[in-house]
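Below you'll find the structure, written out as structure tokens, and then a few comments.
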Amino acid sequence: MEPMITRLMNSEFPYGDPEFTELQREADAIQKQLEPTLGPKENELVQQLADIPIRQFGPVTRDAFMEGFCAAYTLLEEIRFHQEGS
């Protein structure tokens, strides 16, 4: 079963945009420039290499969301403790 914190993350939200989309456009443009100069095998390797950061983005985003959520919860607990002590 998937952790509740992960289920709270909105998978449709464009995390990292607009910078993420702009960087993807740059990578696509570079790949298109290389395509005519490389053979089919090399183009396939370039495509695989270009796909790696996109595949890395999902787990990193989930981990960052989880860390942020846990930090927010810890902050709320500290606020509650401080208010009860006052």
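The values are calculated or read from the model by the stated rules, or taken from the named source; none is laboratory data. Since we're looking at a predicted model, the values are computed, not measured. For neighbour counting, all protein chains shown are included, and Cβ atoms are generated from backbone atoms with ideal geometry for every residue, glycine included. Remember, those area values only see protein heavy atoms, side chains included, never the ligands or the DNA or RNA. Shrake-Rupley method; radii C 1.70, N 1.55, O 1.52, S 1.80 Å.
A few notes on this one:
- Residue ID - least open to solvent (accessible area, probe 1.4 Å), chosen from residues in segment 26-43 that are acidic (D, E) and within 21 Å of the chain's Cα centre (by Cα): D28
- Inside segment 44-86, residues that are of a type in the set (D, E) and open to solvent by 100 Å² or more (accessible area, probe 1.4 Å) make up a count of 3.
- Some residue of segment 1-18 being exposed (fewer than 12 other Cβ atoms within 10 Å of the Cβ), outside any helix (DSSP H, G or I) and of a type in the set (A, V, I, L, M): yes
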